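I have placed the structure first, in the form of structure tokens, so that the comments after it can refer back to it.
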Amino acid sequence: MDIPLHPLMEAGMGAASAPRTNVSRMVASAVAGQVSHPVVRASPYRMGRDGVPRLVPGSGGIVLNRRVGDRAVGLAADHMEAGVSLHNTGKDDVGQRGGSNRALMFYACVGNRARVTSGPARGAVGTVVGKHGGINHVIVDFPPAVKRRLCIGDRVQLDAYGQGLELPDFPQVRALNLSPRLLRQWGVRTQAGRLVVPVTHTVPAELMGSGFGRSEGVLGDLDIQLSDARLVRKHRLNALRLGDLVAVCPLDYRFGPSRRAGVITVGVVVHSDSKVAGHGPGVTPLLICPGECVRLVCRPQANVALVLGLRQSVAPPARGPSRSRR
């Protein structure tokens with residue numbers, strides 16, 4: 001199902017307003033992790049879908065010269081998390097091993113504030129910009145000067161707020177990993193009985209790869225495969241940026257990703273491209289909507305770096321809006 005992108009205000013549609021939420025009933029919690037060290041598996045080579053082995057940086061650690069708003073495609077990297085990667089080492093696990101890190105992954109929502117609580121950068125404040133499944137990292141953006149002072153192992157505490165978010169006027173819409181802060185500043189509006197949602201791209205569900213098979217939608221992401229050059233050109237996917245808010249159609253991510261006609265998942269691009277078969281830029285889900293109650297609008301500035309004021313400028317968008325046909 002291709003979804004056309006419309007102008008934000010159409011004649012006769014009436015005034016737009018911010019959607020009502022259940023924010024007065026929501027609970028905020030503190031969760032914490034440590035700045036992770038990058039991990040290299042048994043071999044440092046990554047075998048590409050073209051049969052070429054590559055030696056490039058991957059996930060984890062502190063990325064010093066890239067951040068949210070930069071290009072996600074064309075870098076000499078693989079699954080790069082362009083910020084500060086957090087995990088919880090599990091020293092305080094009670095019960096099943098790894099429970100503390102799963103709690104960090106679950107509670108964290110895009111737009112949450114993060115505060116450094118140890119080391120030379122203690123007191124610095126950043127923002128959660130994504131969650132990367134498989135390696136199970138929460139990705140936090142900090143200004144470059146802060147990243148230079150951070151050390152591997154420094155502790156970071158999050159004001160975790162967002163799971164349980166609801167839109168009472170749209171009970172059929174599911175919010176996941178979405179902080180009220182991001183929802184307020186994103187520019188999502190209600191108009192003529194629909195949610196108007198700004199995005200930079202629409203992505204056909206047939207391009208989605210790694211991440212299928214999960215039974216939940218709150219512990220990671222789903223990758224966009226860029227192996228089909230025709231569809232990449234058609235949908236301008238070579239211009240994807242970290243932090244872009246994109247719509248995947250049709251995709252139902254309520255209980256894990258499933259291709260389902262008539263459902264749209266809107267998420268955020270959280271890590272860079274990959275040449276490995278079935279992999280590519282990752283998308284963490286934020287809103288899952290039936291097609292009849294959502295109107296997508298093309299906005300090149302629909303990137304969390306700009307929406308949340310993390311940067312004054314980002315990588316330029318692709319030339320010309322993508323306008324898919326029904």
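Can you give the percent of C-alpha pairs in region 73-187 whose distance is more than 18 Å? Cα-Cα pairs of region 73-187 separated by over 18 Å account for 56 percent. Remark: the A192-A261 segment gains 22.5 nm on full extension, using 0.36 nm per residue and subtracting the alpha carbon distance.
By accessible area of protein heavy atoms, probe 1.4 Å, what ranking do Y107, Y253, Y45, Y161 get, highest first? Walk me through the numbers before you get to the answer.
Numbers: Y107 90, Y253 5, Y45 130, Y161 65 Å².
From most exposed to least exposed: Y45, Y107, Y161, Y253.
Over the residues of the chain, the helix contribution to mean residue ellipticity at 222 nm works out to -2500 deg cm²/dmol, using -39500 (n - 2.57) for each DSSP H run of at least 4. Normalised by the number of residues in the chain, the average gap of Cα pairs under 8 Å and 6 or more apart makes the relative contact order 24 percent. With each label modelled as a point 7 angstrom along the Cα→C-beta vector, the Q312-R233 pair spans 3.8 nm.
Note on R194: accessible area is roughly 70 Å² with a 1.4 Å probe, heavy atoms of protein only. Straight-line reach from K275: taking Cα to Cα under 16 Å and skipping same-chain neighbours fewer than 8 places apart, the aspartates and glutamates in range are D50, D78, E81, D223, D228. Evaluating 6.51 cos²θ - 1.76 cosθ + 1.60 at θ = phi - 60° for every residue in region 177-191, the Karplus couplings come out as 6, 10, 7, x, 4, 5, 4, 4, 8, 5, x, 5, 9, 9, 7 Hz, glycine and proline recorded as x.
Kirkwood hydrodynamic radius, computed over distinct alpha-carbon pairs, for region 1-144: how many Å, to one decimal? Walk me through the numbers on the way to the answer.
Details: mean 1/r = 0.0547 Å⁻¹.
Across region 1-144, the inverse of the average 1/r is 18.3 Å.
In this structure, the amide hydrogen of Q225, modeled 1.01 Å from its nitrogen in the peptide plane, lies closer than 5 angstrom to those of M208, G209, counting only residues at least 5 positions away or on a different chain. With the cut-off at under 17 Å, measuring from each backbone N in region 266-303 to a point 7 Å along the Cα-to-Cβ line of V56 picks out 270-283.
Out of every Cα pair in the chain, what percent are spaced more than 24 Å from each other? More than 24 Å apart: 51 percent of the Cα pairs in the chain. Within the listed set A229, A239, A205, the Gaussian network model of the chain (springs between alpha-carbon atoms below 10 Å) gives the highest mean-square fluctuation for A229. Between amide H atoms placed 1.01 Å from N, distances below 5 Å from T117 occur with G123, R155, V156, Q157, all of them 5 or more places distant or on a separate chain. Every pair of different Cα atoms in region 56-100 enters the Kirkwood calculation, which places the hydrodynamic radius at 12.4 Å.
The values are calculated or read from the model by the stated rules, or taken from the named source; none is laboratory data. All of these numbers come straight from a predicted model, not from anything done at the bench. Every residue, glycine as well, gets a Cβ built from its backbone with ideal geometry; the counts of neighbours run over all protein chains shown. In case anyone asks, the SASA skips ligands and DNA or RNA and just uses the protein heavy atoms, side chains included. Shrake-Rupley method; radii C 1.70, N 1.55, O 1.52, S 1.80 Å.
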